[in-house]
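**Q** Please read through the structure below; I'll follow up with questions.
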């Protein structure tokens, strides 16, 4: 994969960071946990190569995979400021599996990168076509006009 960089932004243009989020349903995670070792290895190999390609093209900022949804907890501050934890939530329909943050010239570039991530191999080597949510990353409150 080659991520084409456009010319350096002018003073009126600026690059924008985007987060590419891999979201899945609980049933997706349950199926993923049952993939063959070979399918898991192919998927991990794709993800490593994909991240390296992003680094080599200069758009990579960061990436992380997240723990299983069963490990998630919601935390709120109690009246005394102490943490109150809730979870696990079996009624939750979707979970964040992981993400990349990239720094590109425009949303279209971010969409192309997301489409490539979506092609990661799934069970049986077929493209998983996992939906990838793309959102701008704000650099501060000024991005909100504040």
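**Q** Under a 10 Å cutoff between Cα atoms, tell me which one of 117, 33, 97 has the largest fluctuation in the Gaussian network model of the chain.
**A** 33
**Q** Using Cα pairs under 8 angstrom and six or more residues apart, how large is the relative contact order of the chain, in percent?
**A** Working: 208 pairs, mean separation 60.2, N = 146.
Once divided by the residue count of the chain, the mean separation gives 41 percent.
**Q** Which residue, 74, 40, 20, tops the fluctuation ranking in a GNM of the chain built on C-alpha contacts under 10 Å?
**A** 74
**Q** Between 52, 14, 112, where does the largest GNM mean-square fluctuation fall for the chain, given springs only between Cα atoms within less than 10 Å?
**A** Most flexible of the set in this elastic network: 14.
**Q** Averaged over all directions, how much area does the convex hull of the C-alpha atoms of the chain cover when projected, in nm²? Could the numbers behind the result be given before it?
**A** Working: hull surface 46.4 nm².
Over all viewing directions, the chain projects a mean Cα-hull area of 11.6 nm².
Readers should treat all values here as calculations from the given coordinates under stated rules, not as data from a laboratory. None of these values were measured; they are calculated from a predicted model.
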